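Trainee: So that we are looking at the same thing, I have put the structure below in structure tokens.
The values are calculated or read from the model by the stated rules, or taken from the named source; none is laboratory data. Being a predicted model, the structure only gives us computed values, none of them experimental. Note that each Cβ is placed from the backbone with ideal geometry, even for glycine, and that neighbours are counted across all protein chains shown.
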Amino acid sequence: MTENPVVFIDSGVGGLPYMDWVRQELPEQEYVYVADPKNFPYGIRKPQQIIDIVTANVDLIREVFNPSMIVVACNTATVHALSRLRELYPFPVVGVVPAVKPAAIYSPNRRIGILATERTIRAPYLDNLVNEFASACTVYRVAAGNIIDYIEKRYFHRDEEEMFTLMEEALSELKRHQVDAVVLGCTHFIFMDEAIGRYMGSPVKIIDSREGVGRQVLRMLQRYNLFRPSAVRPGFFTTGGLSPADEDHYRLFAGHFDLEWGGRL
Ligand code: DGL
């Protein structure tokens, strides 16, 4: 059993690449991953519902794991629930927001695209990020829930034709507007970064927040003296019951990221 792990949470598998980034940098630390298939997807829910779901999950995680830190590896949950989580819990809570600033700094022709969930696209939090960091740019926002669903449910059963249709649906508008940077404003999209880059064509930069968030987690571990060495392989846990097919798919993700299958929390 792990003690005081850093716990990464998301509605599904989107936070796995974030945990992986930190784990590559600091392999000896204890980590746990918790996906929330019971409430997936967050991106279509109302803000208050998202706050309620995420706080209930963190309460449960607190009881089971006594975490040293929570990483909300989900943009939708962060933009709606982060401030509430920070009020409620004594441990540090790190969030993930769309990397608008680096995209605006990079963009030579000042046109950027943001791909996110329906709920993030319409969040006042995102308006503020855009006003603060990208006011000199034209910003195109696209909600791409179908890609998120594909990754969560069918990523390892790859269907190239379906993938191309999903790319068309989400990205053709950004291509037409000739954006030169696309912000992956939902953690799930990292699984598709290469396909998105291929579809958009070569001068277009695909930007995610993995490194920025990962470095912040490392800084917080140091600042609050939370480093807990452990030989235990990080576990992948889920909320709620899973159908056998869903469980098989999640187990593939666990294997892909070298995680111990923990099953239902
Ligand atoms: N991975 C989540 C994000 O970064 C969203 C997926 C969902 O809609 O649940 O926003």
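Trainee: Given the criteria in contact with a Pro (Cβ under 8 Å, 6 or more places away or on another chain) and among the charged types (D, E, K, R), does ASP193 qualify?
Mentor: Values: in contact with a Pro (Cβ under 8 Å, 6 or more places away or on another chain): no; among the charged types (D, E, K, R): yes.
It is false that ASP193 is in contact with a Pro (Cβ under 8 Å, 6 or more places away or on another chain) and among the charged types (D, E, K, R).
Trainee: Further question: Provide a single number: the residues in segment 18-48 that are part of a helix (DSSP H, G or I) and either within 13 Å of the ligand (Cβ to nearest atom) or in contact (Cβ under 8 Å) with a residue 24 or more places away in the chain (or both). Before the answer, list the steps.
Mentor: Filtering segment 18-48 down to residues part of a helix (DSSP H, G or I) leaves 18-25, 42-44, 47-48.
From what is left, the residues that are either within 13 Å of the ligand (Cβ to nearest atom) or in contact (Cβ under 8 Å) with a residue 24 or more places away in the chain (or both) are 18-23, 25, 42-44, 47.
Selection size over segment 18-48: 11.
Trainee: Residue pairs, Cβ under 6 Å, 6 or more apart or interchain, first in segment 122-141 and basic (Lys, Arg), second modelled with pLDDT of 95 or more. List them.
Mentor: ARG141/ILE114; ARG141/ILE121
Trainee: Let me ask you something else. Quick one: which helices (runs of 4 or more DSSP H) sit completely within segment 94-151 and have at least 1 residues that are within 12 Å of the ligand (Cβ to nearest atom) and under 21 Å from ILE9 (Cα atoms)?
Mentor: Ranges flagged: 118-121, 124-133.
Trainee: Is it the case that PRO5 is away from the ligand (no atom under 16 Å from the Cβ), touching a Lys or Arg at 6+ places or on another chain (Cβ under 8 Å), at pLDDT 95 or above and of a type outside the set (A, V, I, L, M)?
Mentor: Considered against the rule, which asks whether it is away from the ligand (no atom under 16 Å from the Cβ), touching a Lys or Arg at 6+ places or on another chain (Cβ under 8 Å), at pLDDT 95 or above and of a type outside the set (A, V, I, L, M), PRO5 comes out as yes.
Trainee: Sticking with this one: Regarding segment 254-264, can at least one residue be identified that is assigned to a helix (DSSP H, G or I), of a type in the set (A, V, I, L, M, F, W, C) and surrounded by 13 or more Cβ atoms within 10 Å (Cβ to Cβ)?
Mentor: Yes: one or more hits.
Trainee: Next question, about the same structure. List pairs: first in segment 230-249 and at positive phi, second not hydrophobic (A, V, I, L, M, F, W, C), Cβ under 8 Å, 6+ apart or cross-chain?
Mentor: Note: pairs meeting the criteria are GLY240/ASP36; GLY240/PRO37; GLY240/LYS38; GLY240/ASN39; GLY240/ARG264.
Trainee: Going residue by residue through segment 156-169, is there one that turns out to be surrounded by 15 or more Cβ atoms within 10 Å (Cβ to Cβ), more than 15 Å from the ligand (Cβ to nearest atom) and within 22 Å of PRO17 (Cα to Cα)?
Mentor: Yes: segment 156-169 contains one or more residues that are surrounded by 15 or more Cβ atoms within 10 Å (Cβ to Cβ), more than 15 Å from the ligand (Cβ to nearest atom) and within 22 Å of PRO17 (Cα to Cα).
Trainee: Next question. Take GLU194 and decide whether it is farther than 23 Å from TYR42 by Cα and free of Cβ contacts under 8 Å to residues at least 24 places away in the same chain.
Mentor: Working: farther than 23 Å from TYR42 by Cα: yes; free of Cβ contacts under 8 Å to residues at least 24 places away in the same chain: yes.
Yes, satisfied.
Trainee: For the subset of segment 182-211 comprising residues that are small (Gly, Ala, Ser) and within 14 Å of the ligand (Cβ to nearest atom), which member is surrounded by the fewest Cβ atoms within 10 Å (Cβ to Cβ)?
Mentor: Step one: filter segment 182-211 for residues small (Gly, Ala, Ser), giving 185, 195, 197, 201-202, 209.
Pick out the ones that are also within 14 Å of the ligand (Cβ to nearest atom) and you get 185, 209.
Values: GLY185: 32, SER209: 25.
That would be SER209.
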